[in-house]
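Taking it in order: structure first as structure tokens, then the write-up.
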Amino acid sequence: MAITINPPTNAITLNPADTLDEIITVTIPKGQIGNDREIKVVTERWVSNDLQMLIKSSNSDPRFGDTTYQLTGIVEREPDASLFQIPPGYTDLAPVVPGGLAAPGGRTGGPAGGRGPGVPGGRGGRGGAPNTPEPGK
């Protein structure tokens with residue numbers, strides 16, 4: 001099986017800021033998977049230079065047909081400020097201490113779950129190594 005990844009030879013655009021990023025061709029030789037002729041599967045990836053994300057992908061495979069994924073109706077604007085506001089009625093019970101150390105009775109700035117299972121007083125409760133079975137289980 002041969003896989004070829006080619007940048008496009010000519011810059012093709014969907015919109016002024018979108019470009020065809022790469023064309024991937026997979027060639028399956030005759031007889032490799034019981035096929036009576038060579039199979040070429042071609043995938044194109046379109047990337048928005050402004051958004052830095054995939055906005056269109058097309059896949060052409062004679063075994064399965066053509067598939068296209070495309071973002072449409074993209075609106076570039078500032079998100080609603082209410083998305084970044086603390087909900088009304090929310091109460092923070094304990095401060096977060098930078099560096100992942102728990103304040104007395106408080107939360108950590110690290111992973112969810114408090115001090116962790118291997119730390120005395122942590123949420124694991126056993127004080128043992130993580131991922132070890134509890135006695136009798």
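The values are calculated or read from the model by the stated rules, or taken from the named source; none is laboratory data. Computed from a prediction, not measured in an experiment: that's the story for all the values here. Don't worry about glycine lacking a Cβ; one is built from the backbone with ideal geometry, like all the others, and counts go over all protein chains shown.
Output yes when any residue across segment 21-30 is in a loop (DSSP other than H, G, I, E, B) and at pLDDT 80 or above, and no when none is. Yes, segment 21-30 contains a residue that is in a loop (DSSP other than H, G, I, E, B) and at pLDDT 80 or above. The residues listed here are 61, 50; of these, the one that is exposed (fewer than 14 other Cβ atoms within 10 Å of the Cβ), out of contact with any Pro (no Cβ under 6 Å at 6 or more places or on another chain) and at negative phi is 50.
Scanning segment 61-89 for residues that are under 30 Å from residue 25 (Cα atoms) and not in a loop (DSSP other than H, G, I, E, B) turns up 61, 65, 66, 67, 68, 69, 70.
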